[in-house]
Structures are given as structure tokens and as C-alpha cells.
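The values are calculated or read from the model by the stated rules, or taken from the named source; none is laboratory data. These figures come from a predicted structure and were not determined experimentally. Here the Cβ positions follow ideal geometry from the backbone for every residue, glycine too, while neighbour counts run over all protein chains shown. Side chains included, ligands, DNA and RNA excluded: accessible areas come from the protein's heavy atoms. Shrake-Rupley method; radii C 1.70, N 1.55, O 1.52, S 1.80 Å.
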Amino acid sequence: IKAATGSELEFKLNSLQLRTIAYNEILFSILTNQKDSVNKLLEQFRNRFANDKERYALLKVSQLHKEKRYAESENFLREILKELDSTTSSSQPILKLFLLQVVLQQGKIKEAVEVFKSLDDYRNYKLG
């Protein structure tokens, strides 16, 4: 990780590569339970890659889920989905699936069904 995140590589890599390295660094910090490092890296990721809100949301929710803060994770996902729905035309199915998992983790079956029904695939391909 240190070799990939060195400041001398910043000028040699394109933005997609830098974003992927930052994403993987945050995942590594989440997996190794480095809460302070995760918070700092998430803030840097949000500031540096402001247009990649979906990846930021996935990382943030992963951190909250790892810490068993399910209600906070659910609220954060709902806020991000509202924000993204108002700014983009796509429905963010990955974020909705994460929300579905968090809602089911809390035992809220009726809310999970509503989230499932809001998926585009459900609307387009209903079972007979």
C-alpha cells in the first residue's frame, strides 16, 4: 500500500488509477479495523473525487456496517439515494441493494420489500 500511495506516483498515474488505489486503501483500512485512518481516508476520497459519490457511499456504508451501526448506515444510504436521484437519471441499483441488505439486517421486512420493488429490474421483469 505504501508503494502505491506514495506522493511521487501521483503525477505518473491517471485519475482512474488514483481513485482505484484510494478505494483499495480505504477497503484495506476497513478490513484491518483502523477507524481513524478510515475516517481520514474517506474524507480525502470525498474531497478529491467529489463526482464519485456512489463509491464513497459504498465505502462509508461498509465502514458503518462493520461497526454494526445499521440505523446510521440506513439513514446515510437513504440520504445519498435521494441526492443521487435528484441529480442523475439512473436509479443506483448497487446502493439500493446495499440498502436492502442493511434493512434486512435490522429485520425490517416490509421496508425491504419496498426497496426491492423500487429496483428497475423488478419494475421491468416481474415474475408471472
Answer residue from the range 93-104, given it is under 23 Å from ASN33 (Cα atoms) and free of Cβ contacts under 8 Å to residues at least 40 places away in the same chain and is surrounded by the most Cβ atoms within 10 Å (Cβ to Cβ) among those: LEU99
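In the set SER90, SER29, SER37, SER86, which member is at pLDDT 90 or above and either surrounded by fewer than 17 Cβ atoms within 10 Å (Cβ to Cβ) or of a type outside the set (S, T, N, Q) (or both)? Working first, answer last.
Working: SER90 fails: at pLDDT 90 or above; SER29 fails: either surrounded by fewer than 17 Cβ atoms within 10 Å (Cβ to Cβ) or of a type outside the set (S, T, N, Q) (or both); SER86 fails: at pLDDT 90 or above.
So the residue among SER90, SER29, SER37, SER86 that is at pLDDT 90 or above and either surrounded by fewer than 17 Cβ atoms within 10 Å (Cβ to Cβ) or of a type outside the set (S, T, N, Q) (or both) is SER37.
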Subset of the range 51-80 that is under 18 Å from GLN105 (Cα atoms) and outside any helix (DSSP H, G or I) - its residue that is most open to solvent (accessible area, probe 1.4 Å): LYS68
Condition check for TYR56: farther than 17 Å from SER73 by Cα and under 12 Å from the mean Cα position of the chain (by Cα): no
Flag for VAL38 being farther than 18 Å from VAL115 by Cβ and not in a loop (DSSP other than H, G, I, E, B): yes
Test: residue in the range 112-122 that is open to solvent by less than 90 Å² (accessible area, probe 1.4 Å), part of a helix (DSSP H, G or I), farther than 23 Å from LYS53 by Cα and at pLDDT below 70: yes
